[in-house]
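For reference, the structure discussed in these notes is given below.
The values are calculated or read from the model by the stated rules, or taken from the named source; none is laboratory data. In this text the structure is predicted, and so the values were computed from the model without any measurement. For neighbour counting, all protein chains shown are included, and Cβ atoms are generated from backbone atoms with ideal geometry for every residue, glycine included.
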Amino acid sequence: MQLVVARIGRAHGIKGEVTVEVRTDEPELRLGPGAVLATEPASVGPLTIQHGRVHSGRLLLHFEGVSDRTGAEALRNTLLIAEVDPEDRPEDPEEFYDHQLADLDVVTRDGTFVGRIESVAHLPSQDLLIVRREDGGEVLVPFVNEIVPEIDLEEQRAVIDPPPGLLGEAGGAEEAGPPEDSET
């Protein structure tokens, strides 16, 4: 199975290093020296990581055969793709790979079907489950323990405990009707 693990950003310096936007929870495993990664577009790769380092909070990578800024700049916006065994699991039982979550049924604690997980968005503040509803709409569910208390891979479902309004239902004040002072 192939997974996108990073996107190449700007060139850094003049010796062929690039910044990368990491899209994996295990960069030390997927983006270490010697890793050979497929690319999108495919015509750019495969790319082999020569070395990497963190600079000012950003991961910088240097690929074999890329020796200057021009070569590094030509890689900008390329997606890096790792080959992953679908049976691999993170060491922590409370962590999941994106491909394990894709297509899980999403239900509330009382068993009400909400939709299916389409993908996971990795944002700076937190991850979001992008859930496709039966009507074609989508719901963005913060992937935190308080809202997603259970992931059951054997049953292929994610149980959520959504706060009011998350699923688009009317909340508190709307249910009570207009205020009494209203002249409508």
Taking the condition of being among the hydrophobic types (A, V, I, L, M, F, W, C) and assigned to a loop (DSSP other than H, G, I, E, B), how many residues in region 121-146 meet it? 3
Find the residue count for region 24-35, including only residues that are part of a loop (DSSP other than H, G, I, E, B) and either at negative phi or in contact (Cβ under 8 Å) with a residue 60 or more places away in the chain (or both). 7
Of the conditions (1) at pLDDT 90 or above; (2) within 28 Å of residue 35 (Cα to Cα); (3) not β-branched (Val, Ile, Thr), residue 86 fails just one. Which one is it? (1)
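From the list 113, 63, pick out the single residue that is loosely packed, with under 13 Cβ neighbours inside 10 Å and modelled with pLDDT of 90 or more. Full working, then the answer.
Details: 63 fails: loosely packed, with under 13 Cβ neighbours inside 10 Å.
Unique residue meeting the criteria: 113.
Taking the conditions exactly as written (in a helix (DSSP H, G or I) and either within 20 Å of the chain's Cα centre (by Cα) or in the same structural domain as residue 121 (by TED's automatic domain parsing) (or both)), does residue 21 satisfy them or not?
In short, no.
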State which residue pairs qualify: first residue at negative phi and surrounded by fewer than 18 Cβ atoms within 10 Å (Cβ to Cβ) and inside region 139-153, second residue among the acidic types (Asp, Glu) and part of a loop (DSSP other than H, G, I, E, B) in any location, beta carbons under 8 Å apart, and separation of 6 or more residues or different chains. 146/161; 147/161; 149/161
Which pairs do you get when a residue that is closer than 8 Å to residue 80 by Cα and assigned by TED's automatic domain parsing to the domain that holds residue 76, found in region 36-49, comes within reach of a residue that is outside any strand (DSSP E or B) and at pLDDT 90 or above, reach meaning Cβ atoms under 6 angstrom, with the pair 6+ apart or on two chains? 38/46; 39/78
For residue 81, work out the one condition from (1) outside any loop (DSSP other than H, G, I, E, B); (2) surrounded by fewer than 16 Cβ atoms within 10 Å (Cβ to Cβ) it doesn't fulfil. (2)
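Of everything in region 1-21, what is free of Cβ contacts under 8 Å to residues at least 60 places away in the same chain and buried (at least 18 other Cβ atoms within 10 Å of the Cβ)? Give them in sequence order.
Residues of region 1-21 that are free of Cβ contacts under 8 Å to residues at least 60 places away in the same chain, as a first pass: 13-19, 21.
Residues satisfying the conditions are 16, 17, 18, 19.
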Suppose we filter region 94-115 for residues that are within 16 Å of the chain's Cα centre (by Cα) and either of a type in the set (Val, Ile, Thr) or not in a loop (DSSP other than H, G, I, E, B) (or both); how many remain? 4
Residue 118 being under 16 Å from residue 160 (Cα atoms), outside the structural domain of residue 22 (by TED's automatic domain parsing), of a type in the set (Asp, Glu) and not in a loop (DSSP other than H, G, I, E, B): yes
